[in-house]
Amino acid sequence: MTELAIEARGLIKRYGDLTAINGVDLAVPTGTIFALLGPNGAGKTTTINILTTLIQPTAGEARVAGHDVVRAAERVRQCIGVTFQDIAVDQDLTGREVLDIHGQLYRQSSAERRRRIGELVDLVQLNEAIDRRVRTYSGGMKRRLELARGLMTEPAVLFLDEPTQGLDPQNRVGIWGYIRDLNRTRGLSLLLTTHYMDEAEALAGRVGIVDHGRIVAEGQPNALVAALGADVIRVRGQGDRAHFATVMAGLPFVDRVETDAEGGVVLVYVDSGSRRLVEVLGAASGNAFRIDDVTVARPSLGDVFLHHTGHALRD
């Protein structure tokens, strides 16, 4: 393995007049869980499709496990595992058959297939269901089967496109546990896409925030949050938000003010939220702005997204 599991420079993908991604750069160190965080339509899946050789970029270049995704696509496919955004398993097969056929496609011997299936069934806890038809599986069980299928060939890099979409909270936490275990015990490099803020915070060592086909911020989640400063006072209300934001920005203890027009929220960044709350509320009176709700907190990854994109991330 190279020092970087995934490397991309200037990736662009156009479909006629539509630019799906526009200059994506990535550098994912080997052994890292990296999350592409952004809303649906931001370009996350297009990026994964290029990196997994399903489509070719219009411009730019990328390497996975040291291999060029265009010039050495076959070598890339030998090094990766993938689970897709939409569940794609044959409902009429048993779980064991799904895994066995996948191993055959990669020319694994029967002995190797039996060994891998035994290991993976234990890993994703499908022992009691592995010989049942997939149509009888719950959504969470199908996701776990897909994860096992992606690991059948012992990949160097695993791509997970929205791995917990549509799952209930209990199943989501279960999938998170498998992902962490793969990274911690096997040193597996993972790139996942998600539009769930808590998922990125729970799993990723590094996060790339994607908006309108670009990565607008990248780094460790705690470092991205720390860069915003101290406390944030979130003010939701009615009236002239722009005037209220201007008044807030003029206060000497305010670092900066940001607004989310869609959500009707004004974010006031201050040195100490609890100490400055009364002054913020006092400054709101007489400014044609009625406060309906106010909270004080440390900045979050959601605030980072708002800061870099100008709007909140809607799940």
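The values are calculated or read from the model by the stated rules, or taken from the named source; none is laboratory data. No experiment lies behind these values; they were computed from the predicted model shown. Methodologically, a virtual Cβ is constructed for each residue, glycine included, from the backbone with ideal geometry; neighbour enumeration extends over all protein chains shown.
Checking each residue in segment 23-37 for being over 17 Å from Cys79 (Cβ atoms) and surrounded by fewer than 17 Cβ atoms within 10 Å (Cβ to Cβ) picks out Gly23, Asp25, Ala27. Scanning segment 182-198 for residues being assigned to a helix (DSSP H, G or I) and either touching a Gly at 6+ places or on another chain (Cβ under 6 Å) or in contact (Cβ under 8 Å) with a residue 12 or more places away in the chain (or both) gives a total of 3. If you filter segment 110-145 down to residues that are more than 24 Å from Arg186 (Cβ to Cβ) and of a type in the set (D, E, K, R), you find that the one that is surrounded by the fewest Cβ atoms within 10 Å (Cβ to Cβ) is Glu128.
Restricting to segment 146-173, name every residue that is touching a residue at least 40 places away in the same chain (Cβ under 8 Å) and of a type in the set (Gly, Ala, Ser). Of everything in segment 146-173, those that are touching a residue at least 40 places away in the same chain (Cβ under 8 Å) and of a type in the set (Gly, Ala, Ser) turn out to be Ala148, Gly150, Ala156. For His311, indicate whether it is of a type outside the set (A, V, I, L, M), under 30 Å from Gly60 (Cα atoms) and touching a residue at least 60 places away in the same chain (Cβ under 8 Å). No; evaluated as a whole, the condition is false for this residue. In segment 83-95, the residues that are touching a residue at least 40 places away in the same chain (Cβ under 8 Å) form Cβ pairs under 6 Å with partners that are of a type in the set (Lys, Arg) and part of a strand (DSSP E or B), at six or more places apart or across chains, as follows: Thr94/Arg133. Here is a check on your reading of the model: is Leu188 surrounded by 18 or more Cβ atoms within 10 Å (Cβ to Cβ), at pLDDT 90 or above, among the aliphatic types (A, V, I, L, M) and under 12 Å from the mean Cα position of the chain (by Cα)? It is false that Leu188 is surrounded by 18 or more Cβ atoms within 10 Å (Cβ to Cβ), at pLDDT 90 or above, among the aliphatic types (A, V, I, L, M) and under 12 Å from the mean Cα position of the chain (by Cα). Taken together, the criteria exclude Val121 from residues that are assigned by TED's automatic domain parsing to the domain that holds Gly166, among the hydrophobic types (A, V, I, L, M, F, W, C), under 26 Å from the mean Cα position of the chain (by Cα) and not in a helix (DSSP H, G or I).
Taken over segment 30-61, the criterion of being farther than 23 Å from Gln165 by Cβ and in contact with a Leu (Cβ under 6 Å, 6 or more places away or on another chain) is satisfied by Pro57, Gly60.
Leu306 - would you say it is at pLDDT 85 or above, within 26 Å of Ala35 (Cα to Cα) and of a type outside the set (Lys, Arg)? Taking the combined requirement at face value, the residue does not satisfy it.
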